[in-house]
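Engineer: Supplied in structure tokens, the structure appears directly below.
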Amino acid sequence: MSKNGADFGIGILFGVLAGALIGTLIAPCEGETTREKLKDAIDDFKDKISPELDEAKKQAVALIEESKCKLEKQYEKFNDTIKAQKMAKAKERENELESY
């Protein structure tokens, strides 16, 4: 899912949750009944969103792993470049000393 699509989906989910919460709180019921309805609504919401959260978590972990691999490769490349520059500099100094 694209970032915009994910943002839109999250916005809809939170809108539904907020609507259910406000509707439950405004409804003319006793406090205990309202709290029970609210608890049920939240439990239903968690059950509905749980698979999407699990999938989002899997995608996030995969993205983190991929980024980690890319960073490790870049770090190795950077270190190799630094080592090559140091070796070239050392060779240059060695050649200068030999010329004396």
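Engineer: For the chain, what is the largest minus smallest coordinate of the Cα atoms on each principal axis, given in angstrom and ordered from greatest to least?
Structural biologist: 99, 23, 19
Engineer: Can you give the charge dipole size of the chain about its Cα centre, rounded to the nearest 20 debye, using +1 on the beta carbon of Lys and Arg and -1 on the beta carbon of Asp and Glu? Don't skip to the answer; put the middle values down first.
Structural biologist: Numbers: 17 positive and 20 negative charges, 95 e Å.
Approximately 460 debye in magnitude.
Engineer: Given a Förster distance of 35 angstrom, what is the FRET efficiency for Val61 paired with Ala18, based on the Cβ-Cβ distance and rounded to 0.05?
Structural biologist: 0.75
Engineer: Between Asp43 and Tyr75, what is the label-point separation in nm under the 7 Å Cα-to-beta-carbon projection?
Structural biologist: Computed distance between label sites Tyr75 and Asp43 equals 4.6 nm.
Engineer: Sticking with this structure for a sec: Using alpha carbons only, how many degrees (0 to 90, rounded to 10) separate the axis of helix 31-99 from the longest principal axis of the chain?
Structural biologist: Helix 31-99 sits roughly 0 degrees off the main axis of the chain.
Engineer: Among Phe45, Phe8, which comes first, then next, by fewest other beta-carbon atoms within 10 Å?
Structural biologist: Phe8, Phe45
No value in this document is a laboratory result; all are computed from the given coordinates. All values derive from a computational prediction rather than experimental measurement. Counting neighbours? That spans all protein chains shown, and the Cβs are built from the backbone with ideal geometry, glycine included.
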